[in-house]
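Below you'll find the structure, written out as structure tokens, and then a few comments.
Only the coordinates and a few stated rules stand behind these numbers; no lab work does. Given the structure is predicted, the values throughout are model-derived calculations rather than measurements. A quick note on method: Cβ atoms are made from the backbone with ideal geometry, for glycine too, and the neighbour counts reach across all protein chains shown.
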Amino acid sequence: MMSHTQDITHHISDEMIAAYAAGSLEWHYSLVVATHVSMCDECRARLSAHEAAGGAVMECGRPTQMSANAKSDLLALLDEPVPQEPQPFTKSGVFPAPVMAALKGDPPKWKSLGFGVRQSIIHKDKSGSVRLLYIPGGQAVPEHGHRGIELTLVLQGAFKDETGRFGVGDVEVAGDELDHIPVAEKGEACICLAATGAPLRFHSLVPRIFQPIFRI
Ligand code: ZN
Ligand code: ZN
């Protein structure tokens, strides 16, 4: 299997990995974290460490001062391969196993947003949404601000905005303060998995007309 791990430069924050390991991250963000982890050796190792540490604390009942022996036992444990949960879904095309599981094995149901941009909403509730975005090469996503955090993971192609370049496997974390215009690189279409904590705010007239269609 082709790995993009060496090319990934934008990772999941430690706070978010810890929240995911503890099961306290909202579903729409969790899907992005799970998908990134499936593509990224570095974050998979960090997640395993968090899960092992969380398990060790639970076994002890309460966190206590660890003896040197216990510490080395724990570190030895971290080196062991983590047993994999049975994965009923596998990667299909550019969609990693967690995305295929969220889609229940079906291909995404794309809806046109105009200018060749398409989206497929995977899940949406009051707390937020997660969707796939398809942006033709060279095309821009309208400028918008965020209420809450937007997590965008690239599955194919690449995009650039004011903060940098994001290629396959990279995650952009955009907060309240960021108004940005992501532009897909020329060539291959950019396909992203994007989770938002609240509806996006678009600035110019045309995108505001589009917003009800976006349903995000
Ligand atoms: Zn990573
Ligand atoms: Zn954004």
Peptides ranked, highest mean first, by Cβ atoms within 10 Å: ranges 7-14, 116-123: 116-123, 7-14
What ranking of HIS146, HIS36 emerges when the number of other C-beta atoms within 10 Å of each C-beta is taken as an exposure proxy, fewest first? HIS146, HIS36
Put a dot 7 Å past each Cα toward the Cβ at ALA45 and ALA22; how far apart are the dots in nm? 2.5
I'd like the Karplus ³J(HN,Hα) series for region 47-53: coefficients 6.51, -1.76, 1.60, θ = phi - 60°, whole numbers in Hz, and an x wherever there's a Gly or Pro. 5, 4, 5, 4, 5, 5, 5
Give me the net charge of LYS109's neighbourhood, meaning all other residues with Cβ under 12 Å from the Cβ of LYS109; Lys, Arg count +1, Asp, Glu -1. +3
With a/c under 1.5 counting as rounded, go ahead and sort region 109-168 into rounded, prolate or oblate using the C-alpha gyration tensor (a ≥ b ≥ c being the square roots of the eigenvalues; past the cut-off, prolate if a/b is larger than b/c, else oblate). oblate
Please give the length that would be gained between LYS104 and THR9 if that part of the chain were fully extended, namely 0.36 nm times their separation in residues minus their C-alpha to C-alpha distance (nm, one decimal). 31.2 nm
By how many nm would the segment from LYS91 to GLU177 grow when fully extended, if each residue of separation counts as 0.36 nm and the alpha-carbon distance is taken off? 27.5 nm
Once amide H atoms are placed 1.01 Å from N in the peptide plane, what residues at a sequence separation of 5 or more from LEU113, or on another chain, have their amide H within under 5 Å of its amide H? ARG118, GLN119
Nearest 0.05, what FRET efficiency do LYS111 and ALA53 give at R0 = 30 Å with Cβ-Cβ as r? 0.10
From phi via Karplus (6.51, -1.76, 1.60), per-residue ³J(HN,Hα) for region 117-123 in Hz, x at Gly/Pro: 7, 10, 9, 9, 6, 8, 7
